[in-house]
Amino acid sequence: MVVAAVQTDGRSRCEIAVGDLEILGGPNSPARDGIVDVDALLRRNPEVACLDDLASVDTNGRPITESVPKLLRAGMMLIATLHLTDLRSTVEGMGAMLGARPEHIVEDEFLDQVTELEIVDITPSLLDERLRRGEIVPSSEAAQARARAFRPEVLASLRELAFRLLAEHTDRRLVAYMRDRGIEAPWEVKPRVMLCVPPRPGMDDVIASTAALAARLDGKMTAVTVRDRKRSEQEMQLLGSYAALTHQADGTFVTLYEHDPASALTHYARKILATEIVVTRGRGRRGTLRRLIQLLTDVDIHVLATTHEEARAEGS
């Protein structure tokens, strides 16, 4: 095991944590300043390499995340840390609360390369105590840190964001595992809500309520429509507006092309491993609904009553 990069800044707790572990390049190497010498690390080729900050750079000034695939291909196990405030989604979503923008930002997609994700979490009181002792930032900067990024409300938001990120990462890994092994029955870590959208008026409220359901479950909504015949101009306009509403609600809108709507919806629900399906009851769809219930016995299907606008359209 080799410490490829560590930021001790002379702080005693960090020095104790490193202990007698080998530091790449020795005591005066760039590794002591948290900078990775990628070429030297490849030459040393340890079984395990420890990187103290994935938002740091290598000795050539390039983000270390760019070299991670190369290090993995060399057969190393990488154990690394990453501060939540260096992730793109955190910077863009909470930038005003966090203060200065970090010099190097890690894209959220990078986490797809991570096989095991662990949250390092302590209580705000312990964090404040470490701040006062100068173990996180120099003592002269502690007061400013407590007034900005370490405010209780900011810490609470970051903690919630961290748990959500962990759930999403676990869900992605689970879905990949299930697809690799051909598992079709949905295993639920993070709910996946699928809404069946017919080309009829009155689906605006249904899309909004389904998006609210997905948000309550901390899940994702996918709206699906099946094109089994040529659409009229009015139907195309309706579906276009429904697609826009879905995207505004941070959902995904998908069009399937198949003559058998029930079969198409069933196959797609299996593909995305849907855990909840929302359908509306209306004229001409009873057969489709009945078959969905028969084919997807392991998925929760929510059947909504016909909307007022649909009822008026059917009555006319």
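The residues listed here are Glu118, Glu109, Glu129, Glu92; of these, the one that is charged (D, E, K, R), assigned by TED's automatic domain parsing to the domain that holds Arg62 and assigned to a loop (DSSP other than H, G, I, E, B) is Glu118. From the list Phe150, Phe163, the lone residue that is in a loop (DSSP other than H, G, I, E, B), of a type in the set (Phe, Trp, Tyr) and assigned by TED's automatic domain parsing to the domain that holds Ala55 is Phe150. The one condition from (1) surrounded by 10 or more Cβ atoms within 10 Å (Cβ to Cβ); (2) at negative phi that Glu116 does not meet is (1). Can Ala244 be described as in a helix (DSSP H, G or I), buried (at least 18 other Cβ atoms within 10 Å of the Cβ) and modelled with pLDDT of 85 or more? Judged against the criteria, Ala244 is not a match.
For every residue, the table says whether it meets (1) within 20 Å of the chain's Cα centre (by Cα); (2) touching a residue at least 40 places away in the same chain (Cβ under 8 Å).
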{"residue": "Arg62", "(1), (2)": "no, no"}
{"residue": "Ala74", "(1), (2)": "no, no"}
{"residue": "Leu82", "(1), (2)": "yes, no"}
{"residue": "Met94", "(1), (2)": "yes, yes"}
{"residue": "Arg101", "(1), (2)": "no, no"}
{"residue": "Val120", "(1), (2)": "yes, no"}
{"residue": "Glu129", "(1), (2)": "no, no"}
{"residue": "Arg133", "(1), (2)": "no, no"}
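When region 267-283 is filtered for residues that are over 20 Å from the mean Cα position of the chain (by Cα) and either surrounded by 21 or more Cβ atoms within 10 Å (Cβ to Cβ) or assigned to a strand (DSSP E or B) (or both), the ones remaining, listed by number, are Ala269, Ile277, Val278, Val279, Thr280.
Applying the set (1) closer than 22 Å to Lys220 by Cα; (2) in contact with a helix residue (DSSP H, G or I) (Cβ under 6 Å, 6 or more places away or on another chain); (3) assigned to a helix (DSSP H, G or I) to Arg291 leaves exactly one unmet item: (1). In the condition set (1) at pLDDT below 80; (2) under 22 Å from Val114 (Cα atoms); (3) surrounded by 14 or more Cβ atoms within 10 Å (Cβ to Cβ), Pro186 is compliant with all but (2). Go through the residues of region 254-261 one by one and say whether even a single one is at pLDDT 90 or above, within 17 Å of Gly202 (Cβ to Cβ) and either in contact with a His (Cβ under 9 Å, 6 or more places away or on another chain) or surrounded by 13 or more Cβ atoms within 10 Å (Cβ to Cβ) (or both). Checked region 254-261: no residue is at pLDDT 90 or above, within 17 Å of Gly202 (Cβ to Cβ) and either in contact with a His (Cβ under 9 Å, 6 or more places away or on another chain) or surrounded by 13 or more Cβ atoms within 10 Å (Cβ to Cβ) (or both).
The values are calculated or read from the model by the stated rules, or taken from the named source; none is laboratory data. Source: prediction; values computed, not measured. Cβ sites come from the backbone with ideal geometry, for glycine too, and all protein chains shown count toward neighbours.
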